[in-house]
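First the structure, in the form of structure tokens, and then the observations on it.
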Amino acid sequence: MSPDRLAALHAAAFTRERPWTAQEFADLLANPLCHLETAPHGFALWRGIAGEAELLTIAVDPARQRRGTGAGLMTAWSHGAAPTCTTAVLEVASDNAAAIALYARYGFETVAKRVGYYRRADSFADALILRAPVPFPV
Ligand SMILES: CC(C)(COP(=O)(O)OP(=O)(O)OC[C@H]1O[C@@H](n2cnc3c(N)ncnc32)[C@H](O)[C@@H]1OP(=O)(O)O)[C@@H](O)C(=O)NCCC(=O)NCCS
């Protein structure tokens, strides 16, 4: 999947965060520690360091959500990380109900909270740090 396509999907899926540029995706893809899992209408990008698999971002085309793509990307991440990693970690905004529900399905549990980390139009949302063993307990 090209950096342009990744940037377009990211911009469409993330309406409240700064969209990542194609150049940022190109730089990440050039990093040997970064791994890309793709589906026809979505992708997950993760980085493996010292036995820990960190989800950098996951995005599904809003017009194609709730059809199992995110779940497939989580399974691909788990399989991709299993040979080298024992734990997985990610950060999610406390008001992102869809993502939190997705992660809970794969056994992720909250291990830390950054209070007021995300700025919203007229408020702030916490950042939750979630962790799960690899492979994910499904
Ligand atoms: C989070 C995201 C990747 C999920 O992708 P998706 O393809 O819609 O997910 P799936 O269809 O595979 O859903 C799998 C499960 O996740 C949960 N889930 C997904 N979307 C949900 C929603 N809107 N509300 C509640 N639960 C949801 C459900 O448990 C769902 O299973 P079910 O459909 O059998 O009930 C997608 O909503 C997205 O791209 N969001 C914008 C970007 C984003 O927030 N990324 C995460 C940043 S941390």
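For Thr15, the conditions (1) touching a helix residue (DSSP H, G or I) at 6+ places or on another chain (Cβ under 7 Å); (2) at pLDDT below 95 are fulfilled apart from (1).
With respect to Asp27, is the statement that it is surrounded by fewer than 17 Cβ atoms within 10 Å (Cβ to Cβ) and modelled with pLDDT under 95 true?
Numbers: surrounded by fewer than 17 Cβ atoms within 10 Å (Cβ to Cβ): yes; modelled with pLDDT under 95: no.
So Asp27 fails the test.
Among Thr84, Thr69, Thr75, which is of a type in the set (Ser, Thr, Tyr), more than 15 Å from Arg131 (Cβ to Cβ) and more than 13 Å from the ligand (Cβ to nearest atom)?
Numbers: Thr69 fails: more than 13 Å from the ligand (Cβ to nearest atom); Thr75 fails: more than 13 Å from the ligand (Cβ to nearest atom).
Just a single option satisfies the conditions, and that option is Thr84.
The values are calculated or read from the model by the stated rules, or taken from the named source; none is laboratory data. Please read these numbers as outputs of a predicted model, since none were measured by experiment. Cβ sites come from the backbone with ideal geometry, for glycine too, and all protein chains shown count toward neighbours.
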